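Visitor: Once you've had a glance at the structure underneath, I'll fire off some questions.
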Amino acid sequence: MTLRNPAPLAKTNAQLAFPFFQGRSTALLFALLLTLAPRMMALEPSWTKPFPPHRIAGNLYYVGSEDLASYLIVTPKGNILINSNLASSTPLIRKSIEALGFKFSDTRMLLISHAHYDHCGGSARVKRLTGARYYVMDADVPVVESGGKADFQYGADPTMQFPSTKVDRVLHDGDTVQLGGVVLTAHKTAGHTRGTTTWTMDEVEGGRTLHVVIVGSPNVNPGYKLVGNKAYPQIAADYKHGFQVLKSLPCDIFLGAHGSYYNMVQKYARMKNGERGVFIDPEGYESYIADREQAFETELARQSAPNR
Ligand SMILES: [Zn+2]
């Protein structure tokens, strides 16, 4: 959208967000903006929009929204859920699981990608409704158990907080979790949060073993201090280590905490068109990680530059 007579920036943004307010009380408008702005910026429509649940490979299924990824791994001893998403996401996840013909109450184990409210906000509710045991990477445990208050970046921001949730088992880098013959490995790929976890597992499909990687998040959020961060002094070293780990993982099936990491919507459409093996994408994985590492290095160089 282009404006022929650009108004001052604040007014333009306000008018774009609330066109019906044009010409009305500016004070009222800004009061409303101040109230709604943090929540509006935080909640993307694609985070709450339902998406058709689908099988990815073997016993691994997608049960998240259009962008907030949740994965269900079905075993004879009960099921594993990765990511509870927002505090409000539980009914959507439950519906997706049931639409695939499984029982939400069979969820025995709950895992997460990292301790931000869009991936672990629903954990307290999932635990309460299913009795699932909650396994979380060591450095994310204080954040999960404080409902986000222990987060190095967002701890003081109420819009980023979520129901605090008791962790049943503390994970460490390289730990495995097992249920009904399924083995998942927790790789600590920290930086985005102190305990960001990339999950790997193997799936057998058509007689072939496929390495699955569920990327925890390699992203540097706006406002993250990579240099001189008093709350998280080793943040840059953690990101660097995380990229080394991510580049070392063998990947056939590329997945992540957000569907957008691996172009889930586009791949799903190709699958619906009859294409097979759409989620097998080692090149996509490699180029995504390379792109995110470049973005990190660029930001680190910008923050490290003298006299910036
Ligand atoms: Zn996050």
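The values are calculated or read from the model by the stated rules, or taken from the named source; none is laboratory data. Everything numeric here is computed off the predicted structure, so don't read it as measured data. Cβ coordinates were reconstructed from backbone atoms using ideal geometry, including for glycine residues, and neighbour counts include every protein chain displayed. What goes into the accessible areas is simple: the full protein's heavy atoms, side chains included, and nothing from ligands, DNA or RNA. Shrake-Rupley method; radii C 1.70, N 1.55, O 1.52, S 1.80 Å.
Visitor: Please pick out the residue among Y154, Y135 that is surrounded by fewer than 23 Cβ atoms within 10 Å (Cβ to Cβ), under 17 Å from the mean Cα position of the chain (by Cα), aromatic (F, W, Y) and not in a loop (DSSP other than H, G, I, E, B).
Guide: One residue alone meets the criteria, Y135.
Visitor: Within the stretch 64-97, count every residue that is of a type in the set (G, A, S), closer than 21 Å to G148 by Cβ and away from the ligand (no atom under 16 Å from the Cβ).
Guide: Within the stretch 64-97, the subset of a type in the set (G, A, S) is 64-65, 69-70, 78, 84, 87-89, 96.
If we keep only those that are closer than 21 Å to G148 by Cβ as well, we get 64-65, 69-70, 84, 87-89.
When the remaining residues are screened for being away from the ligand (no atom under 16 Å from the Cβ), the result is 88.
Qualifying residue count, the stretch 64-97: 1.
Visitor: Mind checking which residues of the stretch 98-125 are assigned to a helix (DSSP H, G or I), more than 10 Å from the ligand (Cβ to nearest atom) and surrounded by fewer than 24 Cβ atoms within 10 Å (Cβ to Cβ)?
Guide: Listed by number, the residues that qualify are E98, A99, F104, S105, D106, A124, R125.
Visitor: Could I ask something else about it? Any idea how many residues of the stretch 79-95 are open to solvent by less than 10 Å² (accessible area, probe 1.4 Å) and part of a helix (DSSP H, G or I)?
Guide: The number of residues fulfilling the criteria is 2.
Visitor: Hey, can you tell me all the residues within the stretch 267-308 that are surrounded by 11 or more Cβ atoms within 10 Å (Cβ to Cβ) and assigned to a loop (DSSP other than H, G, I, E, B)?
Guide: Listed by number, the residues that qualify are G277, V278, F279, D281.
Visitor: In the stretch 206-263, which residue that is in a helix (DSSP H, G or I), more than 16 Å from the ligand (Cβ to nearest atom) and of a type in the set (A, V, I, L, M, F, W, C) is surrounded by the fewest Cβ atoms within 10 Å (Cβ to Cβ)?
Guide: Here the residue is A237.
Visitor: If I filter the stretch 157-164 for residues that are within 16 Å of the ligand (Cβ to nearest atom), surrounded by fewer than 16 Cβ atoms within 10 Å (Cβ to Cβ) and in a loop (DSSP other than H, G, I, E, B), do I get at least one hit?
Guide: Yes, because at least one residue in the stretch 157-164 is within 16 Å of the ligand (Cβ to nearest atom), surrounded by fewer than 16 Cβ atoms within 10 Å (Cβ to Cβ) and in a loop (DSSP other than H, G, I, E, B).
Visitor: Of the residues D140, D173, only one is in contact with a His (Cβ under 9 Å, 6 or more places away or on another chain) and within 16 Å of the ligand (Cβ to nearest atom); which?
Guide: Checking each option against the conditions leaves just D140.
Visitor: May I pose another question? If we scan the stretch 167-184, do we find a residue that is assigned to a loop (DSSP other than H, G, I, E, B), in contact (Cβ under 8 Å) with a residue 60 or more places away in the chain and within 25 Å of K230 (Cα to Cα)?
Guide: Scanning the stretch 167-184 turns up no residue that is assigned to a loop (DSSP other than H, G, I, E, B), in contact (Cβ under 8 Å) with a residue 60 or more places away in the chain and within 25 Å of K230 (Cα to Cα).
Visitor: Might you check whether a residue that is within 16 Å of the ligand (Cβ to nearest atom) and open to solvent by 30 Å² or more (accessible area, probe 1.4 Å) occurs anywhere in the stretch 186-199?
Guide: yes
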